[in-house]
Amino acid sequence: MSFAISADQLASENAKALAAHKEDYAHLGRQLERRGIAIETMTERAMAYQVAVPTWGVGTGGTRFARFPGPGEPRHIHDKLEDCGVIHQLTRATGAVSPHFPWDKVSDYNALRQEAAQYSLGFDAVNSNTFQDQKDQSLSYKYGSLSHAQKATRQQAIEHNLECIEIGQKLGSTALTVWIGDGTNFPGQQNLAKMFENYLQACEQIYSALPKNWLMFLEHKMYEPAFYSTVISDWGSSLMAAQHLGPQAKCLVDLGHHAPNTNIEQIVARLIHVGKLAGFHFNDSKYGDDDLDSGAIDPFRLFLVFNELVDAEMRKAKDFAPAYMIDQSHNVTDPIESLMSSAMEIVRAYVQASLVNRTALADAQGANDVMAGHRMLKQAYTTDVSPILAEARFRKGGALAPIEAYRASGYRAAKAKERPAVQGSSSGIV
């Protein structure tokens, strides 16, 4: 029988930390009250926030050079759902999973949907894959997919995306995420204008097949695997494509897909302004598309992004309904621990941004009181809202300390026995 973390195990771990938690929560409540903030309001906001996890994220990632498998890795979508279920069981903030095809293909999607529901999981956006060749694939994507010079290869990529929409409908999803690795590595390799035109024409066919209640998320990436020119390399290219396609096409922001020192929160503000913000792939980076854990490198930037999001929420910005998902590669950590940590850091940034007094901030900005406005943001960011996050998890039946509870449960060791180990190392990110 497959090992699972029991309610009794979770209750036992919570009991160890409950007295100290109550103390911390009451103390924070008094601090916030002096600032005119009700801790109950913030706790309710934390309880309501959800971020999706990617099915591929529970496996060990890798670099262009090597991948070193970890113990108890998921072997298929069923193991992935089990691991995603543990993340939600302990954090209570990740009630949806984002599948990737063809990696997660099965013969019965209704059964898969029911299986996910057993872990209290639903399905977020479905992801297509035309950035690598699959077994029995007729034509190669080595030189591109939706922007490929040859029509037959573009058509193959289009048909795969159409299949993803069909699968997504069966799973209850309402969005398709399209990221392509198309581009060039040498000047003269392809006509830059023609590649973009090919991409737009291919996306038109995919867009026309969207159900009325669906969205098409366009994801950009600055470089890799195309190091000279990438077809959708920045938010401007993504926005041009989304505006070309129509109202159901929006721009996805991956926090790692930007040049160093890029002002990501300003990009977010611009996309909100034109009603084209699809949502986020959360991660963190130091040098480029590092896919590190959210908040691991620059938690202040994560907070500043959420400052724009909460501002848009509070002022009821038009067409503002972003989708939130984590997208990371876990090379040296337990993927379940990393995803739980990231989920907690994302909710943390959301709650911290919710502490900002928007009226007072607007007054300071209107008076050009630079220091006052800056200090308001810093005060919110430096507030330790950990007791609020823990209380939100606890009230929803989760863990006061998710990573500690996970480690105490012995889940990873149990899965290492249940799931045959993968020997050796290999290259690649998946």
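Structure values in brief
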quantity	calculated
Among the residues listed as Asn129, Asn213, the single one being under 30 Å from Tyr109 (Cβ atoms), touching a residue at least 12 places away in the same chain (Cβ under 8 Å), open to solvent by less than 70 Å² (accessible area, probe 1.4 Å) and part of a loop (DSSP other than H, G, I, E, B)	Asn129
Restricting the stretch 1-42 to residues that are of a type in the set (S, T, N, Q) and over 26 Å from Cys84 (Cβ atoms), the residue that is farthest from the chain's Cα centre (by Cα)	Gln31
Residue pairs meeting the criteria (Cβ under 9 Å; at least 6 apart or on separate chains; first in a loop (DSSP other than H, G, I, E, B), in the stretch 376-403; second among the aromatic types (Phe, Trp, Tyr) and open to solvent by less than 30 Å² (accessible area, probe 1.4 Å))	Ala399/Tyr406
Residue check for Val58: of a type outside the set (Lys, Arg) and touching a Lys or Arg at 6+ places or on another chain (Cβ under 6 Å)	yes
Test for Val305: is it assigned to a strand (DSSP E or B), of a type in the set (Val, Ile, Thr) and open to solvent by less than 30 Å² (accessible area, probe 1.4 Å)	no
Filter pass, Ser208 being open to solvent by less than 70 Å² (accessible area, probe 1.4 Å) and among the polar types (S, T, N, Q)	no
Where Tyr109 falls short, out of the listed (1) free of Cβ contacts under 8 Å to residues at least 12 places away in the same chain; (2) in contact with a Lys or Arg (Cβ under 7 Å, 6 or more places away or on another chain); (3) not basic (Lys, Arg)	(1)
Single residue of Gln156, Gln114, Gln134, Gln150 found to be free of Cβ contacts under 8 Å to residues at least 12 places away in the same chain, of a type in the set (S, T, N, Q), open to solvent by 20 Å² or more (accessible area, probe 1.4 Å) and within 23 Å of Ala226 (Cβ to Cβ)	Gln150
Pro99 within 20 Å of the chain's Cα centre (by Cα), open to solvent by less than 40 Å² (accessible area, probe 1.4 Å) and either small (Gly, Ala, Ser) or within 22 Å of Val178 (Cα to Cα) (or both)	yes
Single unsatisfied condition, Thr91 versus (1) hydroxyl-bearing (Ser, Thr, Tyr); (2) crowded, with 23+ Cβ neighbours inside 10 Å; (3) within 23 Å of Ile165 (Cα to Cα)	(3)
Single residue of the stretch 314-358 satisfying the filter (within 19 Å of the chain's Cα centre (by Cα), polar (S, T, N, Q) and open to solvent by 30 Å² or more (accessible area, probe 1.4 Å)) that is farthest from Asp384 (Cα to Cα)	Asn331
Neighbours by Cβ (under 7 Å, 6+ apart or cross-chain): first from the stretch 25-41, closer than 17 Å to Ala353 by Cα and touching a residue at least 40 places away in the same chain (Cβ under 8 Å); second open to solvent by less than 80 Å² (accessible area, probe 1.4 Å) and outside any helix (DSSP H, G or I)	Ile37/Leu355
Number of the exception - Asn331 against (1) modelled with pLDDT of 95 or more; (2) farther than 23 Å from Gln50 by Cα	(1)
Candidates Ala242, Ala249 - the one that is touching a Cys at 6+ places or on another chain (Cβ under 8 Å), buried (at least 17 other Cβ atoms within 10 Å of the Cβ), at pLDDT 95 or above and within 30 Å of Phe300 (Cβ to Cβ)	Ala242
Members of the stretch 1-15 found to be open to solvent by less than 50 Å² (accessible area, probe 1.4 Å) and out of contact with any His (no Cβ under 9 Å at 6 or more places or on another chain), listed by number	Ile5, Ser6, Leu10, Glu13
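The values are calculated or read from the model by the stated rules, or taken from the named source; none is laboratory data. Keep in mind that this is a model prediction, so the values were computed, not measured. Ideal geometry is used to build each Cβ from the backbone, glycine not excepted, and the neighbour counts take in all protein chains shown. Each accessible area value is taken on the protein alone, full model and side chains, heavy atoms only, with ligands, DNA and RNA left out. Shrake-Rupley method; radii C 1.70, N 1.55, O 1.52, S 1.80 Å.
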